[in-house]
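The values are calculated or read from the model by the stated rules, or taken from the named source; none is laboratory data. These numbers were taken from a predicted model, which means no experiment stands behind them. Methodologically, a virtual Cβ is constructed for each residue, glycine included, from the backbone with ideal geometry; neighbour enumeration extends over all protein chains shown. Side chains are part of the model used for accessible areas, which takes the heavy atoms of the whole protein and leaves out ligands, DNA and RNA. Shrake-Rupley method; radii C 1.70, N 1.55, O 1.52, S 1.80 Å.
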Amino acid sequence: MVVAKTLIRSLSQPVTIAPTPLASKEPSKFEQLKANSQHLREPLASELENDLPFFTDGAVQILKFHGSYQQDNRDNRLKGQAKDWGMMLRLRSPGGKVPAQLFLALDQLANQYGNGSMRVTTRQAFQLHGIAKQDLRTVLASIVRNLGSTLAACGDINRNVMAPAAPYEGLGYPVARRLADDIADLLAPKAAAGAYLELWVDGEKRYKIRPSIACSKVRKRQLEGKLNSGDPEEPLYGSTYMPRKFKVGVTVPGDNSIDLLTQDLGLVAFTDLAGKLRGCNVYVGGGMGRTHNKEETFARSADCLGYVKGTDVLDLVQAVVALQRDNGDREQRRHGRMKYLIHDRGIAWFRSELERYFPGGITTALIEPKPVLEDYLGWHQQGDGRWFVGLPLLCGRLDGERKVGLRKLVERYLPEIRLTANQDILLCNIARNQRQEVAEALAEIGWTNPAETSLLSRHAIACPALPTCGLAITESERILPSVIERLEKLLEAEEITTPILLRMTGCPNGCARPYMAELALVGSGVDQYQLWLGGNPGLTRLAQPILDKLPLMDLEITIKPLLQHWRDNGKKQSFGDYCNQLEKKQLMDLLQPQGAVP
């Protein structure tokens, strides 16, 4: 997004590991845990064999690399009683692609072993919640045997690779989808992939990752030069994997459905007249996570590194990963993301250092059209004679009668499912003669006109927060519908018809990418939220914190004067653009923070 950025600115014995280049002390306990895990086997493998309903901390940390978090239902916590333990499972679905067979399996698993719901994440994957420890092997094995995987969906490793979910057959979309698949396979761990199969499907090799020919050729170069970690079994990552999570997104010029600037590594793919990959603009150093009252942590939008030709893209990707592997902070975990490395050293240093890992050239970035948050809701032609339909799903939670009805539809028509970064669902590959029947079936479960949403719900997203997330300070998903309803009533009363990009989280870690929103509520206390203002509809500018503790009960009275001022003085500006042009003191003067803390 050059235009936008310019305009706005396997080891059986314990292993001893050496400090990283940035660390002056001994490696942290977490780094040592990874090194001693036998490529992400222990202590998880041992604890899977006991009868306890929970994992101990060491196994919990290794479990994340296998796509699962240990949680407990915080609504059921009682003093002096055992916690109501349950595992969350997150899938690895590059570009949000979910085959019908896998969807049906997940639906059944959610009913039989989970809490009955499936949740679309903001990184285009399904999550299941409430799975008992003793059922984890059964559930994971079923996912793998039905064309799915949870490997590397969490943990200090490359996470799910994002790409536009729309199954368009032109405009570069097929190239972006293929590139996302190749990057996911390129950055998949080698030794840990074997451990994954051993633990969950008895080592059945027929389920191992099989990269494309082009990807396999590039992957072999992980054994060479600076790319090589020194661990022959895990050449790219080594025995300690990444300092922290690593996130990659791929899109096409003008489509910012994946929040490109929030990625550690973002790629904008350009194609030639024949539809083949010509090259990519490269963005590095984005990331949302931060911690309250820790000013050394912050949200950051990615910098443009430049342009790389198509034949070098995969080599560039693994070079960036290797650079972060070697230079990211392994001493302080909250400082471990690549955004801090680039912030501390600078983009010029990063570009220079990358030359040691990547022999290909990086040139001036190509000009891109103004980015738009595409959502694909409603009916669209794919370009191959078939149709797809985008279904709005507020907060991504699929449950109840709608889940039952969607299962029946998928069983009958077997569409491919694709998940969006906005937590919506696309049903793809629908034949022309099936469209009317599918539309009627959707109407029966509440999607009469899926292209229509309320003013704020179309692009609003939220993290799960309570009751399952252990990091949540307060509510998010469960109250977003009521927050939207309250704000929409206020906008209607003030005769404002322009939408506002709204995001909400229960803590500052940023899973719903709130810091890019025009208006964001970030949990800072029980029923209290930081108020962030000033992002923009195209997701190319960070918002700024304005209030630290806004009681949710005071939401309307607090922001009403600002909304009125925007209505009367903002002309045709978006709400975020209007807020961004004002100084913080001006914004504070326009707010009425009754019980809020500035």
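Remarks
- Loop-located trypsin sites (Lys or Arg not before Pro) in segment 315-363 (DSSP state other than H, G, I, E, B) with a sparse environment of at most 16 neighbouring Cβ atoms within 10 Å: Arg356.
- In order along segment 147-161, the phi-based Karplus estimate (6.51 cos²θ - 1.76 cosθ + 1.60, θ = phi - 60°) of 3J(HN,Hα) comes to 6, x, 7, 10, 4, 6, 6, 9, x, 7, 6, 5, 8, 4, 7 Hz; Gly and Pro are listed as x.
- With the simple model of a label 7 Å out from the Cα in the direction of the Cβ, Ile213 to Asn433 spans 3.7 nm.
- Qualifying chymotrypsin sites (Phe, Trp or Tyr not before Pro) in segment 458-547, DSSP loop, other Cβ atoms within 10 Å at most 15: none
- Segment Gln573..Arg351, full-extension length gain: 76.3 nm, with 0.36 nm per residue of separation and the alpha-carbon distance subtracted.
- Straightening the chain between Lys205 and Lys276 buys 22.3 nm, computed as 0.36 nm per residue apart minus the Cα-Cα spacing.
- J(HN,Hα) series, segment 446-454, from Karplus relation 6.51 cos²θ - 1.76 cosθ + 1.60, nearest Hz, glycine and proline x: x, 10, 5, 10, x, 6, 9, 9, 6
- Full extension of the chain between Thr363 and Glu485 yields a length gain of 39.1 nm, computed as 0.36 nm times the residue separation minus the alpha carbon distance.
- Residues of the chain: accessible area per residue with a 1.4 Å probe, Å²: 40
- Amide H contacts under 5 Å for Met162: Gly95, Val248, Gly249, Val250, restricted to partners 5 or more places along the chain or on a different chain, H placed in the peptide plane at 1.01 Å from N.
- For segment 503-516, the Karplus equation 6.51 cos²θ - 1.76 cosθ + 1.60, evaluated at θ = phi - 60°, returns couplings of 9, 9, 9, x, 7, x, 5, x, 4, 8, 6, x, 6, 9 Hz by residue, with Gly and Pro reported as x.
- Sites Ser46 and Asn111, calculated FRET efficiency, Cβ-Cβ separation with R0 22 Å, nearest 0.05: 0.10
- For the listed peptides 257-265, 553-561, a ranking on the average number of other beta carbons within 10 Å per residue, highest first, reads 257-265, 553-561.
- Percent of beta bridges antiparallel (DSSP, segment 451-553, rounded to nearest 5): 65
- Protection proxy ranking, highest mean first, for peptides 223-231, 91-99: 91-99, 223-231, where packing is the per-residue count of other beta-carbon atoms within 10 Å, averaged.
- Span from the segment 553-574 Cα centroid across to the segment 457-497 one, whole angstrom: 18
- Cβ-Cβ FRET estimate between Arg221 and Gln564, R0 fixed at 35 Å, reported to 0.05: 0.05
- Ellipticity at 222 nm from helices only: DSSP H runs of n ≥ 4 in the chain, each -39500 (n - 2.57), divided by the residue count, give -9000 deg cm²/dmol.
- Spatial separation of Cα centroids for segment 233-301 and segment 351-427, in angstrom: 16
- Between the entries (1) 34.1; (2) 26.6; (3) 29.0, the label attached to mean projected area of the Cα convex hull in nm² calculated for this structure is (2).
- Accessible surface of the chain, 1.4 Å probe, proportion on carbon and sulfur as whole %: 50
- Projected label points at Asn293 and Asp75, each 7 Å from Cα along the beta carbon direction, are separated by 3.0 nanometres.
- Which listed pairs, of Lys339/Lys584; Lys64/Lys247; Lys208/Lys276; Lys247/Lys309; Lys133/Lys205, have C-alpha distances above 18 Å, in listed order: Lys339/Lys584; Lys208/Lys276; Lys247/Lys309; Lys133/Lys205
- Solitary cysteines of the chain, where the nearest other Cys Cβ is not under 4.7 Å: Cys154, Cys215, Cys280, Cys304, Cys395, Cys428, Cys469, Cys507, Cys579
- Using R0 = 25 Å, the C-beta based FRET efficiency linking Ala141 and Thr56 works out to 0.60.
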